[in-house]
1. Of all residues in the stretch 41-92, which are within 17 Å of residue 105 (Cβ to Cβ) and β-branched (Val, Ile, Thr)?
2. Scan 29, 54, 69, 14 and give me the residue that is farther than 20 Å from residue 114 by Cβ, within 13 Å of the chain's Cα centre (by Cα) and not basic (Lys, Arg).
3. How about the stretch 73-108: which of its residues are assigned to a strand (DSSP E or B) and among the hydrophobic types (A, V, I, L, M, F, W, C)?
4. Filter the stretch 1-50 for residues that are within 15 Å of residue 63 (Cβ to Cβ) and assigned to a strand (DSSP E or B) and give the result.
5. List the residue pairs whose Cβ atoms are under 9 Å apart, where the first residue sits in the stretch 96-111 and is in contact (Cβ under 8 Å) with a residue 12 or more places away in the chain, the second is aromatic (Phe, Trp, Tyr), and the two are 6 or more positions apart or on different chains.
6. For the stretch 103-117, what are the residues that are more than 14 Å from residue 20 (Cα to Cα), at pLDDT below 95 and surrounded by 14 or more Cβ atoms within 10 Å (Cβ to Cβ)?
7. State yes or no: is residue 62 surrounded by fewer than 17 Cβ atoms within 10 Å (Cβ to Cβ) and not charged (D, E, K, R)?
8. If you scan the stretch 81-120, which residues turn out to be touching an Asp or Glu at 6+ places or on another chain (Cβ under 8 Å) and either within 23 Å of residue 49 (Cα to Cα) or acidic (Asp, Glu) (or both)?
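The values are calculated or read from the model by the stated rules, or taken from the named source; none is laboratory data. Since we're looking at a predicted model, the values are computed, not measured. Don't worry about glycine lacking a Cβ; one is built from the backbone with ideal geometry, like all the others, and counts go over all protein chains shown.
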Amino acid sequence: MGAASVETVWQRYVRTAAWPMWAPQIRAVETEAELRAGMRGRVVPVAGPSVAFVVEAVDHQARTWRWRVQAGPVRMRLCHAVRAGTPSGTETELRIDGPAPVVWAYALLAHRALRRLVDQ
């Protein structure tokens, strides 16, 4: 949970150019300016090969979105949610489906990034 408002956190997700500002593992994002279902692109990490993605669903009202990512033969599905925290602040949720070793490794990076997402 962090101090940023729910709307601020959601806009940080929606505006793809903002991703490197809160996700230190991302150097750049090559795609459209705003998150939408069907959008395709690439995430350019600080280290390693770029990762292709397709956004499967975006629900602005519920503040949820889902995407598939692929780097070489490795594929994962990530489901994100933003909601008001109790008693204040904002919480995020991330569910990851993919090969266990990759999910575990990515979860460490994601935890740090999501803390920055809600704290800034």
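1. Those that are within 17 Å of residue 105 (Cβ to Cβ) and β-branched (Val, Ile, Thr): 43, 46, 51, 69, 74.
2. Numbers: 29 fails: farther than 20 Å from residue 114 by Cβ; 69 fails: farther than 20 Å from residue 114 by Cβ; 14 fails: farther than 20 Å from residue 114 by Cβ.
Exactly one of 29, 54, 69, 14 is farther than 20 Å from residue 114 by Cβ, within 13 Å of the chain's Cα centre (by Cα) and not basic (Lys, Arg), namely 54.
3. Going residue by residue through the stretch 73-108, those that are assigned to a strand (DSSP E or B) are 74-84, 90-97.
The answer is 74, 76, 78, 79, 81, 82, 84, 94, 96.
4. Within the stretch 1-50, 2, 15, 34 qualify.
5. Close Cβ pairs (under 9 Å, with a partner that is aromatic (Phe, Trp, Tyr)) amount to 96/106; 98/106.
6. Within the stretch 103-117, just 106 meets the criteria.
7. Values: surrounded by fewer than 17 Cβ atoms within 10 Å (Cβ to Cβ): yes; not charged (D, E, K, R): yes.
Considered against the rule, which asks whether it is surrounded by fewer than 17 Cβ atoms within 10 Å (Cβ to Cβ) and not charged (D, E, K, R), residue 62 comes out as yes.
8. Filtering the stretch 81-120 for residues touching an Asp or Glu at 6+ places or on another chain (Cβ under 8 Å) gives 81-85, 103, 118.
Within the stretch 81-120, 103 is the sole residue that qualifies.
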